[in-house]
Each structure stands twice: as structure tokens, then as C-alpha cells.
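J.: This is the structure I want to talk about, given as C-alpha cells.
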Amino acid sequence: MDEGSTGALVPAVKTEPLSSTISAPSIPDCSLAELDTVGEASAQLDKDFLCPICMQIIRDAFLTACGHSFCYMCIITHLRNKSDCPCCAQHLTSVQLFPNFLLDKLLKKTSAHQIAKTATPIELFRRALQEGCDVSIKELDSLLSMLSEKKRKMEQEESDRNMNILTDFLHILRKQKVSELNEVQTDLQFIKADISAVERHRMELYCARDRYSMKLHMAGDDMKAREPWSSLTDKRNDGPTSTSLNTWGVVSAGNFQNKKADSRSQVSTYGLYRKDALNGPEPQANHTGLSVARKKRVHAQFNDLQECYLQKRRQLPNQLLDQQEKDKNVIHREGYTAGLSDFQSVLTTFTRYSRLRVIAELRHGDLFHSTNIVSSIEFDRDDELFATAGVSRCIKVFDFSSVVNESTDVHCPIVEMSTRAKLSCLSWNKLSKNIIASSDYEGVVTVWDVNRGQSVLEYEEHEKRAWSVDFSCTEPSRLVSGSDDCKVKVWCMKQENSVLDIDMKANICCVKFNPGSSNHIAVGSADHNIHYYDLRKISHPLHVFTGHKKAVSYVKFLSNSELASASTDSTLRLWDVKENLPVRTFRGHTNEKNFVGLTVNKEYIACGSETNEIFVYHKEISRPLTWHRFGSPDAADVEDDVGSYFISAVCWKSNSPTILTANSQGTIKVLVLAV
């Protein structure tokens with residue numbers, strides 16, 4: 001809720017004036033000694049020292065015939081308008097005003113006393129000199145000597161303090177640089193060890209390739225050797241046996257000589273490969289266009305890749321690969337650590353693709369209507385069907401293979417289900433292929449049977465628009481929804497009412513079950529935070545992930561421990577829900593006000609942008625891997641695309657580089673990551 005622009009005023013502290021035993025009429029009768037005693041006893045100026053008109057210390061005190069004292073300018077100004085005393089209302093004229101010399105002297109004495117109590121010795125000495133205090137030359141010389149010595153001592157102390165500060169700074173800097181040097185030396189050791197391990201593995205690959213090539217040559221030679229043997233066998237009756245044997249012997253000997261020559265040739269070839277590998281030049285096969293393109297991608301994102309490599313090597317410095325992982329490799333990678341192997345996997349998946357290629361396109365709605373925004377697009381359990389929903393109040397189910405393989409201008413849905421309200425989200429059941437849930441702008445959560453094309457359950461407990469709905473992976477009868485009514489509701493398909501309610505303080509934008517548990521959910525809220533709950537204890541969240549600057553629009557799990565979130569602050573963030581730590585922030589797309597979609601798989605994160613583009617990130621790299629811009633059907637509208645349209649929904653195909661993307665114009669594209 002917005003707070004008021006004006007805060008509460010701080011009450012003024014009112015202090016009661018000190019009582020006084022001195023009244024204005026008695027001033028002439030009081031001695032200066034008595035007044036001085038009273039002044040020392042009171043911590044503040046007496047109220048009788050204040051002008052009754054301006055309520056300030058009296059300046060140029062004048063006494064009236066009725067016995068009241070005022071500032072001269074105050075009483076003169078008053079008498080210009082009125083002819084009475086401001087205190088007692090007695091008739092008064094300017095002729096009846098008299099200078100109050102005693103009060104002036106008293107005020108000066110009191111003022112000097114107050115200044116003396118608060119002034120420093122230097123100020124007192126300066127005042128004494130200004131007032132003409134008699135000081136001899138000898139006393140001045142002594143004072144100057146003392147001041148000079150004091151100045152020299154203070155300069156030394158100041159210099160010593162400065163040197164201490166400088167020394168502390170240099171020690172801290174040295175400690176920091178030594179730490180950085182140790183870190184760099186450790187990194188260099190990691191790099192040196194990894195270079196040796198990689199080179200050793202490359203040599204093993206070359207040896208294995210050479211052995212395979214040698215076997216192929218030997219097999220070919222054996223085939224050639226059998227041909228003369230067969231011809232001699234056919235002609236054995238034409239000559240003596242000894243001739244045949246001699247001929248076989250000659251052929252065998254020749255074959256053996258050829259094998260030895262081939263073996264030497266292969267060994268020398270291996271030697272050349274080894275020399276090239278150690279000295280720098282690589283085999284010709286590595287200089288293909290594909291290899292060059294992948295190396296360019298490495299150089300373009302070198303800083304991020306460097307950070308990723310060092311992070312993994314420092315976390316797992318000497319931990320060797322698990323035996324299970326070693327068994328998966330045909331060739332044993334001696335010296336490979338878990339960190340190096342993990343980074344190689346990242347490098348491979350990051351450089352594998354460089355662009356998004358369109359393999360199919362279809363329209364979701366009517367070309368002549370603007371209400372074609374696709375709010376949600378989802379694959380079914382087997383990735384054979386996908387469903388779309390949006391503001392057109394209709395759920396359409398398409399056959400994926402037909403959309404991709406049939407070259408037609410219009411793709412018709414195999415099932416179409418109409419709804420009463422605009423739809424915000426879809427979620428397929430993870431067990432039953434024909435069950436799908438939807439949430440709409442009226443707050444209704446509906447469960448549909450796709451085979452029958454009709455709803456089977458309707459939950460109407462939300463009081464406002466429901467933004468998100470999700471089925472549990474481990475308990476398919478359970479689903480969760482979030483709404484603008486600041487409530488998260490958990491439903492069971494076996495019951496008519498919600499089984500759990502979580503009341504929050506801000507609008508709920510997204511909800512998602514942890515894929516490994518039906519008891520843990522992530523909730524994205526308009527309060528800029530992600531609340532991670534255990535449904536067995538909903539009084540408080542397990543953890544609140546903070547970092548986004550605006551509302552959290554989507555949350556998606558990459559794994560049981562990795563959670564990705566999207567926000568209208570134009571960032572994506574990756575979180576570790578087991579360690580409750582932020583992992584990485586992704587920037588590159590634009591998202592300031594709309595739901596632009598978010599989808600994840602094991603390695604990649606994709607989201608839409610308000611520039612009518614889809615962006616793909618690798619989960620280990622903070623900058624985009626690639627992106628694709630949607631084009632307008634009308635060439636004249638290309639310049640208006642950025643401001644008029646935005647990506648509204650995205651969805652990965654499981655274990656595939658294929659992604660479904662839809663925009664606010666109702667265009668749906670099937671894209672695939674390509675080299």
C-alpha cells in the first residue's frame with residue numbers, strides 16, 4: 001500500500017521557564033553582586049531578560065513609567081500604533097520611556113558569563129587581548145614559545161597519525177595483493193594441471209584413432225592376401241604342390257613386409273600428431289569452419305567462461321571424477337577433476353549452438369482482431385501435443401508433429417475448448433496425458449479433459465484474477481494456484497474445495513511445485529521476492545529470496561535444487577533452494593511491464609522480451625547465448641514491432657533444443673537451436 005506523502009509532525013518539546021526571584025521593578029534596588037549570584041545559580045536566562053514583545057533577549061533596554069522593560073525598537077514600533085503598555089495596558093507615550101542602563105549592564109555581564117562558560121581557553125585569551133588586557137613582552141615571549149612547542153607537538157602527532165593510517169592501508173593492501181597472488185598462483189596450478197590432463201587425453205584419442213586406422217589397413221591387407229591364395233588353390237592341379245607352397249610363402253612374406261611398413265607408417269603418423277599437439281599446430285580436422293565458429297563464441301564470452309571455469313575449479317579443486325562417471329567413458333581420462341569435467345560440459349553445451357532457426361509457424365487467432373495474445377503455451381507429458389491459451393478465451397490443442405511436418409498455411413487444432421474469461425496460465429497433468437488445468441482473469445481454476453473437450457472441475461475460491469496454476473510432478477492429483485487476492489491455494493482433484501490456503505501481503509504473480517517434492521512450492525510476488533514454502537508448515541516460508549527490484553513474474557525449476565525467476569526489472573536470476581543462495585543474474589532482454597514468458601531445461605533458460613525477441617541463456621553464463629526477433633507479416637510494420645508487440649509465452653520441448661514461442665500478435669513459432 002502506498003504511504004502518505006507527508007509524514008507525522010514531530011511534537012515540539014516545550015520547556016517551562018525557570019522561576020525567578022527578580023522582577024523588573026526591583027532591578028534598580030538590586031545590587032550587581034546579588035544579580036550575579038542569581039545569574040550563576042540559574043542555568044538559563046531568566047524570563048525577565050526577555051522582551052515581552054519579541055520574546056528575545058532585550059537589546060537597548062528602555063524602562064516605562066509603569067516599570068516594564070522592552071527593546072527600544074520594539075516599544076517604539078508598538079507606540080506608533082497604540083498608546084498603552086503591552087504588559088499592563090496603562091496609558092503610555094514615547095515621552096514616558098527611559099533608558100535602563102542597569103539592565104543593559106546586567107545583560108552584558110550575564111552574556112559575558114554565559115560565553116565564558118562555553119568558550120575555549122583560546123577564545124577567552126583572544127577576548128582578553130581584544131578587551132585590552134595588559135601583557136608584558138616577556139609574558140608574550142613565553143606564550144609564543146609555549147604555542148610554538150605545542151604546535152610542533154601537534155604537528156608530530158598529526159604526522160604520526162597520518163603515518164599510522166598510511167601504514168595500515170599499505171598492510172591491508174599488501175595482504176589483499178598477497179591473497180590475490182596466492183589465488184592467481186593456485187589458479188595457474190589448476191590451469192597447468194588441466195592443460196596436462198587435456199593434452200594427455202588428446203594423445204590417448206590420437207592413439208586410439210591410429211590403432212583403429214591401423215586395424216582397418218591390416219584388415220584390407222588381409223583381404224588382398226586372400227585373393228592370390230584363392231587363385232593358387234584353384235590352380236593347384238596345374239603345378240606341383242611345392243610350387244604352391246613356395247608361392248604362398250612368398251606372398252605371406254610379402255604381406256608381412258607390407259604390414260610392417262604400414263605399422264611404421266602409422267607410428268610415424270602418430271609421432272607427427274603428438275608433435276603438433278605439443279608444439280601448437282592442430283590436426284587439419286580441427287580447422288573446419290565449425291571449429292572456428294565455436295572458438296569465436298568462446299572469445300566473445302571469454303570473461304564469463306573464465307569466471308565459470310575458475311569458480312568450478314576452486315569449488316572442486318582436487319576432487320576426481322566419481323567412479324560411476326569414469327565408467328561411462330570409453331577412454332579413462334587420467335588427471336581429470338570434477339571441476340574440469342563440469343566446465344568441459346558447460347563449454348560443450350555453450351558453444352554447440354549459435355542461433356535459433358524457425359522450423360514451423362502458425363497463427364493462434366483471427367488476423368483481424370487484436371485480442372490474440374498467447375498468455376501460456378505448454379507441452380503435454382509426452383511432448384506430442386501442445387496447448388495454447390490467452391485473451392481469446394479459448395484453449396487450443398495442437399499435434400506437434402503435424403505442425404512441424406505438414407507444410408500448410410493454416411494449422412487447425414485437434415481440440416478447442418472455450419472459456420468464460422481470458423486465460424492467464426496452463427499446466428498439463430504430469431501423469432494423465434488428457435488432463436490440463438487453467439487459470440483465468442475471473443479467479444477461476446479449471447481442470448479440463450482434453451479427450452472429451454470439456455471441464456471436469458472448477459474451483460472458484462479466488463476473489464480476484466488468478467495468474468498462475470501448476471500440477472505437482474510427484475503427486476499429480478495436487479495443484480497450486482496464485483492470485484491477485486494475495487492468496488496461494490492448494491487443490492486436490494479428489495476434493496471440491498482447497499486443501500490449503502497461504503495468505504500473503506502482496507499480489508501473487510506465479511507459483512511452481514518443486515519437481516522433486518509435492519510439499520515444496522516457490523511463489524513469485526509483487527513484493528519483489530520469491531517465497532519458498534514447505535506446505536507442511538505454512539506459517540512461515542522456508543526462505544525468502546531477495547534481489548529483484550520489481551515484481552517477480554515467473555518461477556521455474558531447472559532441477560530439485562535450481563530455481564530460475566523472471567522479473568519486470570529486466571533480469572533473470574538463478575537460485576540454489578537447498579543452500580538458499582543466489583547463483584547468477586542474467587541480463588540482455590527487456591521486460592518492464594508485461595508477462596513475457598519463462599522456460600527452462602537442464603542447461604538452458606529462455607525468456608521473451610518486450611522488443612518482440614526471444615532470448616536464450618546458458619545457465620552458467622550471464623549474457624545471452626543467442627536470440628531471435630519475430631518479424632511482422634507486413635514489411636511496412638517492421639519498424640513498429642519493437643514498440644507494438646512483445647513475446648508473451650515460451651516453452652522448451654523436453655530434452656530437446658526445440659522451443660515453442662508466441663507473441664502478443666498471436667504468432668506462434670517453432671524454433672530450434674542450430675549451429
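J.: Give the number of residues within region 416-435 that are part of a strand (DSSP E or B) and open to solvent by less than 30 Å² (accessible area, probe 1.4 Å).
T.: 8
J.: Show the residue pairs that are 6+ apart or on different chains and have beta-carbon atoms under 8 Å apart, the first residue being within region 588-599 and in contact (Cβ under 8 Å) with a residue 24 or more places away in the chain, the second being open to solvent by 40 Å² or more (accessible area, probe 1.4 Å) and charged (D, E, K, R).
T.: Close Cβ pairs satisfying both conditions: G588/R623; E592/K550.
J.: Being within 20 Å of S427 (Cα to Cα) and under 16 Å from the mean Cα position of the chain (by Cα) narrows it down to one residue among V600, V555, V596, V577; which is it?
T.: V555
J.: Here is a follow-up. Which ones in region 70-98 are within 12 Å of I58 (Cα to Cα) and either surrounded by fewer than 14 Cβ atoms within 10 Å (Cβ to Cβ) or not aromatic (F, W, Y) (or both)?
T.: Once the filter is applied, which keeps residues that are within 12 Å of I58 (Cα to Cα) and either surrounded by fewer than 14 Cβ atoms within 10 Å (Cβ to Cβ) or not aromatic (F, W, Y) (or both), region 70-98 yields C71, M73, C74, I75.
J.: Related question: Can you tell which of L170, L129 is over 60 Å from the mean Cα position of the chain (by Cα) and not assigned by the TED database to the domain that holds Q56?
T.: Unique residue meeting the criteria: L129.
J.: For the condition charged (D, E, K, R) and under 20 Å from F595 (Cβ atoms), what is the one hit in K537, K550?
T.: Result: K550 is the single residue among K537, K550 that is charged (D, E, K, R) and under 20 Å from F595 (Cβ atoms).
J.: Turning to a different aspect of this structure: Among (1) part of a loop (DSSP other than H, G, I, E, B); (2) at pLDDT 90 or above, where does C412 come up short?
T.: (2)
J.: Just give me the residues in region 371-407 being at pLDDT below 85 and in contact with a Ser or Thr (Cβ under 9 Å, 6 or more places away or on another chain), in sequence order.
T.: Within region 371-407, T371, N372 meet the criteria.
J.: Taking the conditions exactly as written (out of contact with any Pro (no Cβ under 6 Å at 6 or more places or on another chain), more than 30 Å from E307 (Cβ to Cβ) and open to solvent by less than 80 Å² (accessible area, probe 1.4 Å)), does S136 satisfy them or not?
T.: yes
J.: Considering only region 385-409, state which residues are open to solvent by 100 Å² or more (accessible area, probe 1.4 Å) and touching a Lys or Arg at 6+ places or on another chain (Cβ under 8 Å).
T.: Matches in region 385-409: R393 only.
J.: Quick one: what pairs do we get from region 122-137, first residue over 21 Å from K150 (Cα atoms) and assigned to a helix (DSSP H, G or I), second of a type in the set (G, A, S) and open to solvent by 100 Å² or more (accessible area, probe 1.4 Å), C-beta under 8 Å, 6+ apart or different chains?
T.: Final answer for the pair search is none.
J.: Of the residues in region 171-203, how many are open to solvent by 50 Å² or more (accessible area, probe 1.4 Å) and either among the acidic types (D, E) or modelled with pLDDT under 80 (or both)?
T.: Qualifying residue count for the region: 2.
The values are calculated or read from the model by the stated rules, or taken from the named source; none is laboratory data. None of the values given here were measured: they were computed from a predicted structure. Heads up, the Cβs are rebuilt from the backbone with ideal geometry, glycines too, and the neighbour counts pull from every protein chain shown. SASA here: full protein model, heavy atoms, side chains in, ligands and nucleic acids out. Shrake-Rupley method; radii C 1.70, N 1.55, O 1.52, S 1.80 Å.
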